[in-house]
Amino acid sequence: SPQSNLDVIVAFLHPEMQNASFVSRIGFGVQQLAQNVSLDQFTSSQMRAINSANATVSDSKDTTVDGNPGHNAVFTLGNTTKVMQIWTLKGNKAYIMSYQASPNEYPTNLPTFQSILDSLTIK
């Protein structure tokens, strides 16, 4: 996440990519929100941060995460990294899930990321 106060809960690295020059990874984090914000407000903030990183956004749409309203953004950073980032809010926390890989490897592990998302339960 472009936010600095994100606690990374877990990150998964593709075992075949660990020694490569680029690492394919899936990560999950939780961000404590200082105030009560709406999903629209949080999404606007996230998208501003993504755009300020000179990312090229290829998709941005509403979604659901464990039955909660959320947002899905797909973007590239330079020519080397393609990222899908999905977030949802519950209580005063933002839950942010991300998948990143090289543009060529991105489609390979996307089904794994989707399977993890589909099995995710937010308490």
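Just so you know, all these numbers are worked out from the coordinates, no wet-lab data involved. Note that the structure is a prediction, hence the values are computed from the model and not measured. Don't worry about glycine lacking a Cβ; one is built from the backbone with ideal geometry, like all the others, and counts go over all protein chains shown.
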At 0.36 nm per residue, and after removing the present C-alpha to C-alpha distance, how many nm does the segment from SER45 to LYS90 gain when stretched out fully? 14.5 nm
Convex hull of Cα atoms in the range 61-123, direction-averaged projection (nm²): 4.5
Under 12 Å, Cβ to Cβ, from VAL74 - net charge with Lys/Arg +1 and Asp/Glu -1: +1
Backbone HN-Hα couplings from phi across the range 46-59 [Karplus 6.51/-1.76/1.60, Hz, Gly and Pro as x]: 4, 5, 4, 5, 4, 5, 6, 8, 6, 7, 9, 7, 9, 7
